[in-house]
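The values are calculated or read from the model by the stated rules, or taken from the named source; none is laboratory data. It should be emphasised that the depicted structure is a prediction, and the values quoted were computed from it without experimental measurement. Here the Cβ is made from the backbone with ideal geometry for all residues, glycine too, and neighbour counts use every protein chain on show. Just the protein is used for accessible areas: all its heavy atoms, side chains included, with ligands, DNA and RNA removed. Shrake-Rupley method; radii C 1.70, N 1.55, O 1.52, S 1.80 Å.
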Amino acid sequence: MSSQMEFSPHSSALALDTPELLAELAKVVVLVGKPGFYDALSLLLARVLRCKRRLVMRYSAYDKPAFLINAALTEEGVSFYLAGLYRIDPLHRLARESPGPTVVNLRALMGEIEEAYFAELFKMAIFDELAIMVPAYGGVTIAFCCDRHRVRFEQQDYERAQALLPMVDGLHKLHMDRLFSKVGDGGSEAITSSFRNQFLVLDRRAKVVYRTEAWAENSMAAAALPQISGRIADGGSGSLLLEGQQVVHWETLPDDFTLAPQGTLVVLEQRSPGPLMTSGDAALEAFCSDHNLTPREAEIVRLSFLGLPNAAIAKQLGVSVGTVKNHRWRLYYKLDVTTERELFHLFISTLLSVEKSKVMEGEAPPG
């Protein structure tokens with residue numbers, strides 16, 4: 001987690017029509033096609049949106065999300081997220097369902113599943129978040145996330161982000177094109193920060209223009225290439241599941257793609273579980289049933305996951321704060337946990353188990 005002080009809503013920030021913004025923007029432009037691009041652009045966006053906590057996330061078509069820039073979460077928070085919490089991240093779901101350029105306020109995306117997720121995650125690092133999401137090639141979406149710990153974003157912040165969206169999308173497209181142009185000239189360092197390193201580029205005649213070393217060393221990918229080429233010849237995008245939960249997927253490149261106009265980008269990814277299909281109510285019911293919780297204990301768990309302190313829980317239940325504390329103590333003793341965070345981790349484990357059982361029974365599609 002960043003130790004820097006965040007901007008308040010009334011702090012000075014980069015206005016959209018000032019020479020200072022143009023000077024900062026010039027620094028970003030210089031880094032287009034270079035490894036420092038995401039750091040510089042996310043810093044510029046954070047200044048405009050008046051916060052210093054920022055993330056740049058890569059959401060993939062099949063693989064887990066990845067942190068490209070992290071100036072918000074602790075190592076523990078990152079580990080917990082990648083261990084399974086990402087499956088109830090609404091940005092992850094949105095990136096797979098609607099990958100177009102957009103501005104998102106995470107609080108507006110909260111559903112039943114995400115409510116518990118945000119109640120805990122916000123306590124660790126994030127109170128509110130604005131994300132500018134732009135598509136990349138190969139089924140990848142890049143999200144520039146600006147986070148606040150104590151103060152919500154205002155309507156004017158959202159409007160600023162909307163005004164910046166075309167610029168961010170345009171710069172990012174140029175960044176992608178520069179990256180792929182460089183790999184064609186033998187330079188591949190910068191592109192590995194944006195893509196998994198197993199991919200190849202075919203021209204419009206299906207001739208290999210570029211392949212990464214990792215792709216070339218993957219015997220299964222090499223063996224599948226004739227089949228992939230045949231399916232590409234049939235037109236459009238597609239995918240092929242290989243052994244070991246590896247997925248090859250491909251898409252047609254645009255006319256202005258410098259390295260291979262109207263060619264094909266073929267990406268090899270690990271197939272990881274996708275967004276959860278289980279509702280929050282179903283998961284909570286399963287959690288309470290698995291651990292033999294009383295109705296009162298179940299209600300305290302639910303209200304705790306919504307971020308309510310003991311006093312608010314007591315008021316809602318019509319009991320004293322001392323009674324809530326006693327119930328909570330017995331609950332923790334029964335579950336062998338000592339903190340809300342441990343309780344939440346246990347709940348997430350149940351949530352993932354419920355989803356796994358539904359998939360095995362054919363009630364929900366795998367991710």
Practice task
Assuming R0 = 51 Å, can you tell me the calculated FRET efficiency for the pair ARG150 and VAL208, based on Cβ-Cβ distance, to the nearest 0.05?
Solution key: 0.45
Fill in the blank from the handout: Expressed as a percent, the accessible surface of the stretch 42-97 that is carbon or sulfur, using a 1.4 Å probe and the full set of protein chains, is 50 percent
Exercise for the section: Please report, as a whole percent, how much of the solvent-accessible surface of the stretch 214-289 comes from carbon and sulfur atoms (probe radius 1.4 Å). Expected result: 49 percent
Exercise for the section: Could you grab the relative contact order for the stretch 222-361? Cα pairs under 8 Å, six or more apart, rounded to a whole percent. Expected result: 16 percent
Practice task
Go through LEU49, LEU68 and list them by solvent-accessible area, largest first, probe radius 1.4 Å.
Solution key: LEU68, LEU49
Completion exercise
So the carbon and sulfur contribution to the accessible area of the stretch 123-185, 1.4 Å probe, in percent, is 51 percent
Exercise for the section: Within the stretch 149-178, list the trypsin sites (Lys or Arg not before Pro) lying in a DSSP loop whose Cβ has at most 13 other Cβ atoms in a 10 Å radius. Expected result: ARG150, ARG152
Fill in the blank from the handout: Residues other than LEU241 with Cβ under 13 Å of its Cβ, Lys/Arg counted +1 and Asp/Glu -1, net out at 0
Handout entry: Inter-label distance for GLN227 and MET167, nm, one decimal - labels placed 7 Å from Cα along Cα-to-Cβ
Key = 4.8 nm
Exercise for the section: Calculate one ³J(HN,Hα) per residue across the stretch 20-37 by plugging θ = phi - 60° into the Karplus curve 6.51 cos²θ - 1.76 cosθ + 1.60, and present them in order as whole Hz with x for glycine and proline. Expected result: 5, 5, 4, 5, 5, 5, 4, 5, 5, 4, 4, 8, 4, x, 10, x, x, 4
Handout entry: Neighbour net charge for TYR38 - beta-carbon separation under 11 angstrom, K R +1, D E -1
Key = +2
Problem - Around THR141: net Lys/Arg minus Asp/Glu count, Cβ-Cβ under 10 Å - result: +2
Completion exercise
In order over the stretch 63-72: 3J(HN,Hα) from phi, Karplus 6.51/-1.76/1.60, θ = phi - 60°, whole Hz, x for each Gly or Pro, gives 7, 5, x, 9, 8, 8, 9, 10, 10, 8
Exercise for the section: For the pairs LYS52/LYS173; LYS64/LYS182; LYS64/LYS315, note any where the Cα-Cα span goes beyond 30 Å. Expected result: LYS64/LYS315
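Compute the Cα gyration tensor for the stretch 235-327, then decide on rounded, prolate or oblate, letting a ≥ b ≥ c be the square roots of its eigenvalues: rounded whenever a/c is under 1.5, prolate when a/b is larger than b/c in the other cases, and oblate in all that remain. Don't jump to the answer; show the numbers that get you there.
Numbers: a/c = 5.71, a/b = 3.09, b/c = 1.85.
Prolate, because a/c is 1.5 or more and a/b exceeds b/c.
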Handout entry: Gyration tensor verdict on the stretch 35-80 (Cα atoms; rounded if a/c is under 1.5, prolate if a/b is larger than b/c, oblate otherwise)
Key = oblate
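Send over a whole-number figure in Å² for the accessible area per residue of the stretch 220-319, probe 1.4 Å.
Accessible surface, normalised per residue, equals 47 Å².
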Exercise for the section: Provide the per-residue ³J(HN,Hα) series for the stretch 175-183, in order, calculated from phi with Karplus coefficients 6.51, -1.76, 1.60 and θ = phi - 60°, each as a whole number of Hz, with x at glycine and proline positions. Expected result: 4, 4, 5, 5, 4, 5, 5, 5, 5
